[in-house]
Amino acid sequence: MDITTQTVNIPNGTPNLSGYFVYPSGEAKFPGVVVIHEAYGLNDNIKDITRRFAEAGYAALAVDLFAGRNQMICMFRFFTNMLLFDSLNHSGIRDLKTSLDWLEKHSKVEGGKIGAIGFCMGGSFAISWACSDSRLNVIAPFYSMNPRPLGAVERACPVVGSFPENDFSKNGGIKLEAELTKHNIPHDIKIYPDSKHSFFNSPRDVKEQAAADDSWSRILTFFREHIGG
C-alpha cells in the first residue's frame, strides 16, 4: 500500500509538540493510531512502526513527547509521576490528549475509531491514558508498568498486551490480565518465553523475532476487531 509521510506541528503552547504522521494514500478516511515512544524518543524504530501501521490501513501519528524540551528532565518528571504521584494525569498524558485532539480533526482520520500503542514508558502511558480518556477504543502496551491505582483499569478500553518472560514487566502483565478479567474488559495478554525487554523494537535472536512477529499479528487482528483497518 502506498503511504504518505509528514512531519507535523501540534499546537500545545510553548514549546509545541511535533510528530511523525503517516497514512495510506488515497481519498478515504482511516482509523487512527497514536504511537507512543519509549525513553529513547521518536527515533527511526518508532517511525518504522508508524509506517507499518499506515501500510496496514491506519492513519498513524507518532508523537515526540520530548519535542523542544530537555529529554532527561522530561524522563525524570514522567517516571516520578508514574511511580510516586499521579500516573493518570501528568504532563505526558495531557500531551497525548492534545495530540489526539489534533488527530481526530485531521481529514484522513475516521472519527470514533482510535487506537494507541506504546513501548515501556510509552506502554505505561497508553494504559494510564486509556483509564482517563474514553476516546481510545483499543490499546497495545508492550513491557509496561500498570497505572496506580490498578483498579483504574476498570475504565480502560480493550487491551492487547505483550510482555517478555525475562523482564520486570512480566508480573505487571499478569496483574493487568487479572484486573481486565475482573472487569470484563476484552483483552489479549501474552507473556513471551525466552524474551527480554525491547524484544519487539530490537529482537536479539530467532525466538525474540518470532515473538515480535507474533505480537504484531495479534495487534493487527485485535485492532481490526475493535476499530477496523
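The values are calculated or read from the model by the stated rules, or taken from the named source; none is laboratory data. Here the structure is a predicted model, which is why all the values come from computation and not from measurement. Don't worry about glycine lacking a Cβ; one is built from the backbone with ideal geometry, like all the others, and counts go over all protein chains shown.
Worth a mention:
- Scanning segment 200-213 for residues that are among the polar types (S, T, N, Q) and part of a loop (DSSP other than H, G, I, E, B), we see that the one that is surrounded by the fewest Cβ atoms within 10 Å (Cβ to Cβ) is SER202.
- Qualifying residue in segment 133-140 (condition: modelled with pLDDT of 95 or more, touching a Cys at 6+ places or on another chain (Cβ under 8 Å), among the β-branched types (Val, Ile, Thr) and within 28 Å of THR5 (Cα to Cα)): yes
- Only one entry in PRO158, PRO186 is touching a residue at least 40 places away in the same chain (Cβ under 8 Å) and farther than 20 Å from GLY122 by Cα, namely PRO186.
- Subset of segment 120-160 that is of a type in the set (Phe, Trp, Tyr) and not in a loop (DSSP other than H, G, I, E, B) - its residue that is surrounded by the most Cβ atoms within 10 Å (Cβ to Cβ): PHE125
- Cβ separations smaller than 7 Å between residues 6+ apart or across chains give the following pairs from segment 213-229 residues that are in contact (Cβ under 8 Å) with a residue 60 or more places away in the chain to residues that are surrounded by 19 or more Cβ atoms within 10 Å (Cβ to Cβ) and of a type in the set (D, E, K, R): ILE227/LYS113; GLY228/LYS113.
Residue by residue, here is whether (1) assigned to a helix (DSSP H, G or I); (2) surrounded by fewer than 23 Cβ atoms within 10 Å (Cβ to Cβ) holds:
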residue: SER162; (1), (2): no, no
residue: GLY172; (1), (2): yes, yes
residue: LEU180; (1), (2): yes, yes
residue: PRO193; (1), (2): no, yes
residue: SER198; (1), (2): no, yes
residue: LEU220; (1), (2): yes, yes
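- Within segment 104-119, the residues that satisfy the criterion of being in contact with a Phe, Trp or Tyr (Cβ under 7 Å, 6 or more places away or on another chain) and assigned to a strand (DSSP E or B) are VAL109, GLU110, GLY115, ALA116, GLY118, PHE119.
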